[in-house]
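A.B. asks: Take this structure, written in structure tokens, and hold onto it; I'll ask about it next.
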């Protein structure tokens, strides 16, 4: 399917403010970016670089006063996500070098604390894809997806205790449970067509059967229509913007995902 994604951010800044943004989708095996626009108002010099996860990042200094960011992209992406029940567990010694890092505990995913719990959840389930699917189903049943939750950013341990969170929180718990079973897992942030309420979305991927598969405990079906912006260990690596200096939330944020009838 063809999707048109959009994101608008507005800030009121008291002084020159350095930003690192992560708002550009990159073409790859799962998506093709056919058209893209990226507007800064007022216009300022931008330096783009690729981080250690392969994400496209923009570095700039915004001037005092009103500052806005408006991005738009037309992207071809899959109607459905791949599923592969029975895909085998990959032994750690056989994993690609670049995948090994996603076995380690991280800031929001304290995987070393979930070994016993994860083993109980997947008891008698075949190692590999079926274990991850079991974990995702368990989170969907046991943890309430609440886009309006009053809690701030939570670690996987806190999500497990409160049994409620936004998409990012459910992904953190899924990642921690997978890593505790020696299954590499990573955070993904991007767009999901048909998401209600519409916003930027987060899910996770697990590496089994020699490749990455998508899992999303906030959804009751294996839905496609996804456009990826960034990958990382957890939310600390995939923030769509980081500002340095006085921390101010954007006074305006608007996200849109429109289904196109065909190529733009």
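A.B. asks: Might you check whether a residue that is assigned to a strand (DSSP E or B), more than 16 Å from the chain's Cα centre (by Cα) and either surrounded by 19 or more Cβ atoms within 10 Å (Cβ to Cβ) or outside the structural domain of residue 159 (by TED's automatic domain parsing) (or both) occurs anywhere in the stretch 188-195?
C.D. replies: no
A.B. asks: Output the number of the condition that residue 242 fails; it satisfies all remaining conditions of (1) part of a strand (DSSP E or B); (2) buried (at least 16 other Cβ atoms within 10 Å of the Cβ).
C.D. replies: Condition not satisfied by residue 242: (2).
A.B. asks: Take the stretch 245-264 and flag every residue that is under 28 Å from residue 1 (Cβ atoms) and surrounded by 14 or more Cβ atoms within 10 Å (Cβ to Cβ).
C.D. replies: 253, 255, 257, 260
A.B. asks: Right, something else. Which of (1) loosely packed, with under 11 Cβ neighbours inside 10 Å; (2) under 24 Å from residue 201 (Cα atoms); (3) modelled with pLDDT of 95 or more is the odd one out, the single condition residue 8 does not satisfy?
C.D. replies: (1)
A.B. asks: Can you work out which of the residues in the stretch 81-99 that are out of contact with any helix residue (DSSP H, G or I) (no Cβ under 6 Å at 6 or more places or on another chain) and surrounded by 13 or more Cβ atoms within 10 Å (Cβ to Cβ) is nearest to residue 186 (Cα to Cα)?
C.D. replies: 99
A.B. asks: A follow-up question, please. All but one of (1) farther than 27 Å from residue 56 by Cβ; (2) touching a residue at least 24 places away in the same chain (Cβ under 8 Å); (3) touching a strand residue (DSSP E or B) at 6+ places or on another chain (Cβ under 6 Å) hold for residue 216, so report the exception by its number.
C.D. replies: All conditions pass for residue 216, except number (1).
A.B. asks: Scan the stretch 118-141 for residues that are surrounded by 15 or more Cβ atoms within 10 Å (Cβ to Cβ) and in contact with a helix residue (DSSP H, G or I) (Cβ under 7 Å, 6 or more places away or on another chain) and jot them down.
C.D. replies: 118, 121, 122, 132, 134, 135, 136, 138, 139
A.B. asks: Now for a different question. Assess whether residue 179 counts as being crowded, with 23+ Cβ neighbours inside 10 Å, in contact with a strand residue (DSSP E or B) (Cβ under 6 Å, 6 or more places away or on another chain) and in a helix (DSSP H, G or I).
C.D. replies: yes
A.B. asks: Working only within the stretch 144-164, note down all residues that are in contact with a strand residue (DSSP E or B) (Cβ under 7 Å, 6 or more places away or on another chain) and assigned to a loop (DSSP other than H, G, I, E, B).
C.D. replies: Passing the criteria: 146, 149, 151, 154, 163.
The values are calculated or read from the model by the stated rules, or taken from the named source; none is laboratory data. As the structure is a computational prediction, the values presented were derived from the model and not from experiment. For neighbour counting, all protein chains shown are included, and Cβ atoms are generated from backbone atoms with ideal geometry for every residue, glycine included.
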